[in-house]
Amino acid sequence: MIAGVRWDRFEGYLLGQIAGRFGGQLCSEICLLMSLFGEEMKCGFPDLMLCKGGRKEIKEQDDKQLENDQENETIELKTEQQRQNEKQIEEEKIQAFDIMFVEVKGPRDHLSNVQKCWLNTLSSAGVRAIVCRVDEE
């Protein structure tokens, strides 16, 4: 368990979907940051997480294609390590366009050091993390 996270606010299915969209690299980066600087980092995470649909659909299509290939015996013989490497590469391609974090700032608002750290961590993990500035009217 991660200190400061209110697990009871989320259903298990939703947490699974979120973790699936994060991917392994981002999950490990977040866990590392929280384990090293938990108290300081419990605030400042971006305001919004935007997700594109399709990851489940892509996986279902890939699974169906794999089944068809195996049935037709047209798939080349590959080692388990080669399959895992290919799967990881494909997941990283999907991940790069599947999720985005947004920190919203008003006209007189600025990023705190913690918010900058979160945005840098997310970006270094290959996830799009941006600041959206809102103007007064």
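The values are calculated or read from the model by the stated rules, or taken from the named source; none is laboratory data. Everything quoted here is computed from the prediction, not taken from an experiment. When we count neighbours, we look across all protein chains shown, and the Cβ atoms used for this are built from the backbone with ideal geometry, even at glycine. Heavy atoms of the whole protein, side chains included, go into the accessibility calculation; ligands, DNA and RNA do not. Shrake-Rupley method; radii C 1.70, N 1.55, O 1.52, S 1.80 Å.
When Pro46 is tested against (1) in a helix (DSSP H, G or I); (2) at pLDDT 70 or above; (3) open to solvent by less than 70 Å² (accessible area, probe 1.4 Å), only condition (1) is not met. When the residues of the range 49-85 are filtered to those that are modelled with pLDDT of 70 or more and open to solvent by less than 100 Å² (accessible area, probe 1.4 Å), the one that is farthest from Lys116 (Cα to Cα) is Thr79. Residue pairs whose Cβ atoms lie under 8 Å apart, sitting 6 or more positions apart in sequence or on different chains, and linking a residue in the range 104-117 that is within 12 Å of Cys43 (Cα to Cα) and in contact (Cβ under 8 Å) with a residue 60 or more places away in the chain to a partner that is open to solvent by less than 50 Å² (accessible area, probe 1.4 Å) and outside any loop (DSSP other than H, G, I, E, B), are Val114/Met41; Gln115/Glu103; Cys117/Leu33; Cys117/Met41.
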